[in-house]
Amino acid sequence: MPTLTVLAWNLFHGRDNPPEGSPDHVAVNRVLRDDFAAVLARERWDIALLQEAPPYWLDTLASVAGASAASVLTSRNFGAFIRRRLAGWNPDLVASGEGGSNQILTRAGWRIAETRRLTLTLLPERRRLIWARLAHAEHGALTVATLHATAHDPAAAARDVERAARAACGWSAELPLVFGGDFNLRMAERPDAFERLQAELGLTGARPARAIDHLLVRGLHTRSAPEPLPAGRREVRDPAGRLVRLSDHAPVVATYDIGSRPEASGGE
């Protein structure tokens, strides 16, 4: 049976995050676009859902991975040219001030046929959803959506996620949906939010405990549940041979069967 592998990754605005006290790792302060592109390209996935991605990286990430792509701008994108120049000079100083985006990348025959975008909130930062309908010559159609919800406020994050989920489910109609990203929402803190998503929208697959990066699905059978990749999978070596760990988030990967009967859920 054919399968679909989906990767979700918060890119930490293109910065590194060395483990504290490790003699084998180094902190760098340079543009890591090519390093992120190489790591992303070498992983096995059909669809990648990215958050906190520098907007101008879209073409490079897609090209190196052999993918097509779509994006939505999120926060801090006013004066993009100046922000980009400053980030190239000192990425760690500028940090998230460079501006952000959520991105969808597709390959392995999946084509982006339609996209829609929704602003979820403007304060304290602009949070936006991007949704896409995908088409494949052999496997038909499905939909995907990603967002980065409000941070440090579980109630606000729950509102962002629920509004985004309702929009994505409505746009998807009867097509299967993969809904993922950095929800800033933990099962340990707000199980009620995930229970509503399942009971009212049929979205299942939330990761347990304190995980905030999720891949939820409706209308697909899960072959391999969402799990973070080992830390070494997002590491590269600098010219001196020292390890550089990309992002403060591990990519989360799941695999689904295509064309099978969906898992039973509480949704209608």
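Using only the Cα atoms, what convex hull volume per residue in Å³ does region 148-268 have?
So the per-residue hull volume is 123 Å³.
Run the numbers for Glu43 and Ala173: contour at 0.36 nm per residue of separation, minus the present Cα-Cα distance, in nm.
Full extension from Glu43 to Ala173 adds 43.7 nm.
With a 10 Å cut-off between alpha carbons and a GNM built on the chain, which of Ala145, Ala240, Ala65 moves the most?
Ala240
Grab the DSSP H runs of the chain that are 4 residues or longer, score each as -39,500 (n - 2.57), total them, divide by all residues and round the 222 nm result to the nearest 500 deg cm²/dmol.
Calculated at 222 nm, the ellipticity per residue is -7000 deg cm²/dmol.
Report the paramagnetic label zone for Arg111: residues of region 54-73 whose backbone N is under 14 Å from a point 7 Å from Cα along the Cα-to-Cβ axis.
Zone members listed by number: 68-69.
Can you give me the relative contact order of the chain as a percent, contacts being Cα pairs under 8 Å and 6 or more apart? Kindly include the intermediate steps, with their values, before the conclusion.
Working: 648 pairs, mean separation 60.8, N = 268.
Computed value for the chain: 23 percent relative contact order.
Apply the Kirkwood formula to the chain: the hydrodynamic radius equals the inverse of the mean of 1/r over all pairs of different alpha-carbon atoms; give it in Å with one decimal.
Radius from the Kirkwood sum: 18.7 Å.
Between Leu229 and Ala209, with labels modelled 7 Å along Cα→Cβ, what's the label distance in nm to one decimal, could you check?
2.1
Please identify, among Leu73, Leu49, Leu215, the residue showing maximal mean-square fluctuation in a Gaussian network model of the chain using a 10 angstrom Cα cutoff.
So, out of Leu73, Leu49, Leu215, the one fluctuating most is Leu73.
Could you tell me which of rounded, prolate or oblate describes region 121-218, using a ≥ b ≥ c as the square roots of the eigenvalues of the alpha-carbon gyration tensor, with rounded for a/c under 1.5 and, failing that, prolate when a/b is larger than b/c and oblate otherwise?
Note, shape of region 121-218 comes out prolate.
What is the distance in Å between the Cα centres of region 149-190 and region 196-224?
Region 149-190 and region 196-224 have Cα centres separated by 10 Å.
What is the spin-label model distance, in nm, from Ala141 to Glu20 if the labels are put 7 Å beyond Cα along the C-beta direction?
Going from the Ala141 label point to the Glu20 one covers 5.0 nm.
Which residues does the label zone of Arg237 cover in region 20-48, counting backbone N under 15 Å from a point 7 Å along Cα→Cβ?
24-26
Of Asp16, Asp59, Asp160, which has the largest mean-square fluctuation in a 10 Å C-alpha GNM of the chain?
Asp59
Only sites in a loop by DSSP and with at most 14 other Cβ atoms within 10 Å count here; which trypsin sites (Lys or Arg not before Pro) in region 151-224 make the cut?
Those satisfying the criteria are Arg210.
Accessible area per residue, 1.4 Å probe, Å², for the chain: what's the number?
Here the residues of the chain average 44 Å² of exposed surface.
Between His221 and Leu123, 0.36 nm times their residue separation minus their Cα-Cα distance comes to what?
31.6 nm
Calculate, in whole percent, how much of the Cα-Cα pair population of region 3-73 lies beyond 18 Å.
The answer is 41 percent, as a whole percent.
By average Cβ neighbour count within 10 Å, what is the ranking of 225-235, 18-28, 242-252, 172-182 from highest down?
Averaged packing, sorted descending, gives the order 172-182, 242-252, 225-235, 18-28.
Expressed as an acute angle from 0 to 90° and rounded to the nearest 10, what is the orientation of the C-alpha long axis of helix 191-201 relative to the principal long axis of the chain?
50
With a cut-off of at most 12 other beta carbons within 10 Å, and DSSP calling the residue loop, which trypsin sites (Lys or Arg not before Pro) in region 15-80 qualify? Please list them.
Arg44
How many percent of DSSP beta bridges within the chain run antiparallel, rounded to 5?
Of the beta bridges lying entirely in the chain, close to 80 percent run antiparallel.
The values are calculated or read from the model by the stated rules, or taken from the named source; none is laboratory data. Since the structure is predicted, the reported quantities are computational estimates derived from the model, not experimental observations. Backbone-built Cβ (ideal geometry, glycine too); neighbour counts: all protein chains shown. In case anyone asks, the SASA skips ligands and DNA or RNA and just uses the protein heavy atoms, side chains included. Shrake-Rupley method; radii C 1.70, N 1.55, O 1.52, S 1.80 Å.
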